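Shown next, in structure tokens, is the structure this report addresses.
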Amino acid sequence: KQEVTQIPAALSVPEGENLVLNCSFTDSAIYNLQWFRQDPGKGLTSLLLIQSSQREQTSGRLNASLDKSSGRSTLYIAASQPGDSATYLCAVIGNYQLIWGAGTKLIIKP
Amino acid sequence: DAGVTQSPTHLIKTRGQHVTLRCSPISGHKSVSWYQQVLGQGPQFIFQYYEKEERGRGNFPDRFSARQFPNYSSELNVNALLLGDSALYLCASSLETTPNTEAFFGQGTRLTVV
């Protein structure tokens, strides 16, 4: 059974720092992996989709990497801003469903 | 283009009642999936529908049912509500079935059972 873990559960850093969020999964036989952002009480905003044949994807200040063999993905956020404060979730994409971590709650202090 | 739209945004129901949640996918998307997110946890998969047929079902009781209409919109129905059904219900839209395409989510329906 696929299990997805995100560490740390919460992270607080000063504005301007570069940071890395971690996502690990137990079964390397995945199709794709997707990173999302969730603001309090809101839905999910897709940030990056990494296909299983890819090693990384970039969008603006965000860079996500995927290492299937080690069961790990990282989300790198450059030059963090207070507006980046949110919960970040990763999801491993299986046959017909997304399997989720519990998320990392990120707070960027001005 | 409009994104994924869900209605209602908030709902309060009493134990034992029935509820219907609605979702309209992005135009051109044929797949709709439903997820339940309890506070502080990641979402849990409930159903996936593609071309009006159920393609996948998560580990939820038979009180949960869904359907997809010819225009690809979808309804999630929950009967005999329990306090534990209180959660954010999320609808995801994708062009094709997962795992082939990116999933886009609506803002969710916040269901409170009292």
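The values are calculated or read from the model by the stated rules, or taken from the named source; none is laboratory data. Please read all numbers here as calculations on a predicted model, not as lab measurements. Virtual Cβ from ideal backbone geometry, glycine too; neighbours counted across all protein chains shown. SASA here: full protein model, heavy atoms, side chains in, ligands and nucleic acids out. Shrake-Rupley method; radii C 1.70, N 1.55, O 1.52, S 1.80 Å.
A few remarks follow.
- When A:Gln2 is tested against (1) open to solvent by 60 Å² or more (accessible area, probe 1.4 Å); (2) touching a residue at least 40 places away in the same chain (Cβ under 8 Å), only condition (1) is not met.
- When B:Arg55, B:Arg110 are checked against the criterion of being within 12 Å of the chain's Cα centre (by Cα), within 14 Å of chain A (Cβ to nearest Cβ) and among the basic types (Lys, Arg), B:Arg110 stands alone in meeting it.
- Scope segment B:81-92; condition open to solvent by less than 10 Å² (accessible area, probe 1.4 Å) and either in a loop (DSSP other than H, G, I, E, B) or within 11 Å of another protein chain (Cβ to nearest Cβ) (or both); matching residues: B:Leu81, B:Leu88, B:Tyr89, B:Leu90, B:Cys91, B:Ala92
- The one condition in (1) without any contact (Cβ under 8 Å) to a residue 40 or more places away in the chain; (2) open to solvent by 40 Å² or more (accessible area, probe 1.4 Å); (3) more than 11 Å from chain B (Cβ to nearest Cβ) that A:Ser65 fails to fulfil: (2)
- Total residues in segment A:5-27, condition assigned to a loop (DSSP other than H, G, I, E, B) and either in contact with a Pro (Cβ under 9 Å, 6 or more places away or on another chain) or surrounded by 14 or more Cβ atoms within 10 Å (Cβ to Cβ) (or both): 2
- Some residue of segment B:39-51 being under 30 Å from A:Ala10 (Cα atoms), open to solvent by 20 Å² or more (accessible area, probe 1.4 Å) and part of a strand (DSSP E or B): yes
- Given (1) within 12 Å of chain A (Cβ to nearest Cβ); (2) crowded, with 21+ Cβ neighbours inside 10 Å; (3) at pLDDT 95 or above, number of the condition B:Val78 does not satisfy: (1)
- In the set B:Val19, B:Val114, only one residue is among the hydrophobic types (A, V, I, L, M, F, W, C) and open to solvent by less than 50 Å² (accessible area, probe 1.4 Å); that residue is B:Val19.
- Test for A:Phe36: is it facing chain B (nearest Cβ under 10 Å), within 13 Å of the chain's Cα centre (by Cα) and not hydroxyl-bearing (Ser, Thr, Tyr): yes
- Within segment A:38-49, the presence of a residue that is among the acidic types (Asp, Glu) and touching a residue at least 60 places away in the same chain (Cβ under 8 Å) is excluded.
- Considering segment A:47-58, the residues that are within 13 Å of another protein chain (Cβ to nearest Cβ) and open to solvent by 60 Å² or more (accessible area, probe 1.4 Å) include one that is nearest to A:Val20 (Cα to Cα), namely A:Gln51.
- Residue count for segment A:41-60, restricted to those that are part of a loop (DSSP other than H, G, I, E, B) and farther than 30 Å from B:His10 by Cβ: 5
- Checking B:Ser33 against (1) open to solvent by 20 Å² or more (accessible area, probe 1.4 Å); (2) outside any loop (DSSP other than H, G, I, E, B); (3) among the polar types (S, T, N, Q); (4) within 10 Å of chain A (Cβ to nearest Cβ), the condition it does not meet: (1)
- Positions within segment A:68-103 being in a loop (DSSP other than H, G, I, E, B), within 14 Å of chain B (Cβ to nearest Cβ) and not aliphatic (A, V, I, L, M), in sequence order: A:Lys68, A:Gly94, A:Asn95, A:Tyr96, A:Gln97, A:Gly101, A:Gly103
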